[in-house]
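Before any comments, here is the structure.
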Amino acid sequence: MIIQKTREEIELMRESALVVSKTLGMLAKEVKPGVSTLFLDKLAEEFIREQGAIPGFLGLYDFPNTLCMSPNSQVVHGIPNNTPLVEGDIISIDCGAIKNDFYGDHAYTFPVGEIAPETQKLLDVTKESLYVGIRELKVGNRVGDVGYAIQQFTEKHGYGVVRELVGHGLGKTMHEDPEMPNYGRRGRGKKFVEGMVVAIEPMTNMGTHKIRQHKDGWTITTLDNKPSAHFEHDVAIVNGKPELLSTFQYIYDALGIESNEEDEFRQALS
Ligand code: MG
Ligand code: MG
């Protein structure tokens, strides 16, 4: 059952999403060669608590840390460790926070120093596919419309769309209805309704869409060990249209990147 949120609840959820956005912005400056993912995890935990929020992943389904840190061929759910990041790596950082009893949950894949042009392209295409999908999140559409849009866009570039892991509704629990696959068929699946909040999160592999799970019960990697990228936003349906609750702007500000992708996204809707 899809839990519709009131305007007031959506504003509370925006606060939760922004705790995560700011945390990713803080981490953007810290992601560099030589830094361990466990170090970044500790920074994030402290930062979230300083904002009067609670790390959303820590202890959820017994996950041991604040961040899911998934470098290179890891798709998602990687566990932070003491291995230092290396120039040329990419690292997906997925972060959750609870504020006002509501979850925020979003993710960004960072380059570590200079990365190969083909890896940069994977990041660019995956991020763009996120907005391509979000544009379909409107009253009158269905779950399959978002998945279809993401899949078509992604496969056009020859990349693999992960099937086993999906986006999800978000609220007072981390995973609500509906599931939001990054593949699908137009006009299929649950209908979107006013006031719903979802996390849309394409997970895109440079090679095969197939994955494997590690013995730790968490880490997922690509079957061919090629890189995988992951971007995620929290989005509400307001007045029938998608509204971003999270933002990458803190990341861009921290890194001195000029980007008006979110403004362009909003303008294209109106
Ligand atoms: Mg996430
Ligand atoms: Mg999520």
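The values are calculated or read from the model by the stated rules, or taken from the named source; none is laboratory data. Note that the coordinates shown come from a computational prediction; the quantities given were computed from them, not determined experimentally. All Cβ positions, even for glycine, are placed from backbone atoms using ideal geometry, and neighbour counts span all protein chains on display. Surface accessibility is based on the protein's heavy atoms, side chains included, excluding ligands, DNA and RNA. Shrake-Rupley method; radii C 1.70, N 1.55, O 1.52, S 1.80 Å.
Exactly one residue out of 98, 48, 3 is part of a strand (DSSP E or B), farther than 30 Å from residue 118 by Cβ and either in contact with a strand residue (DSSP E or B) (Cβ under 8 Å, 6 or more places away or on another chain) or among the aliphatic types (A, V, I, L, M) (or both): that is 98. Output the number of the condition that residue 192 fails; it satisfies all remaining conditions of (1) closer than 23 Å to residue 11 by Cβ; (2) touching a residue at least 60 places away in the same chain (Cβ under 8 Å); (3) away from ligand 2 (no atom under 15 Å from the Cβ). Every condition holds for residue 192 apart from (2).
When you look at residue 156, is it without any contact (Cβ under 8 Å) to a residue 40 or more places away in the chain, away from ligand 1 (no atom under 15 Å from the Cβ) and among the basic types (Lys, Arg), yes or no? Here the answer is yes, as residue 156 does meet what is asked. Look at segment 86-112: where a residue is farther than 18 Å from residue 76 by Cβ and open to solvent by 10 Å² or more (accessible area, probe 1.4 Å) and a partner is part of a strand (DSSP E or B) and within 16 Å of ligand 1 (Cβ to nearest atom), sitting 6+ places away or on another chain with Cβ atoms under 6 Å, you get 98/54. Any residue in segment 205-213 that is at positive phi and either open to solvent by 50 Å² or more (accessible area, probe 1.4 Å) or not aromatic (Phe, Trp, Tyr) (or both)? Checked against the condition, which is being at positive phi and either open to solvent by 50 Å² or more (accessible area, probe 1.4 Å) or not aromatic (Phe, Trp, Tyr) (or both), segment 205-213 yields no hits at all. The residue of segment 140-172 that is most open to solvent (accessible area, probe 1.4 Å), among those that are polar (S, T, N, Q) and touching a strand residue (DSSP E or B) at 6+ places or on another chain (Cβ under 7 Å), is 151.
Of all residues in segment 92-111, count the ones that are of a type outside the set (Gly, Ala, Ser), farther than 18 Å from residue 252 by Cα and within 11 Å of ligand 1 (Cβ to nearest atom). Residues flagged as of a type outside the set (Gly, Ala, Ser), farther than 18 Å from residue 252 by Cα and within 11 Å of ligand 1 (Cβ to nearest atom) within segment 92-111 amount to 2.
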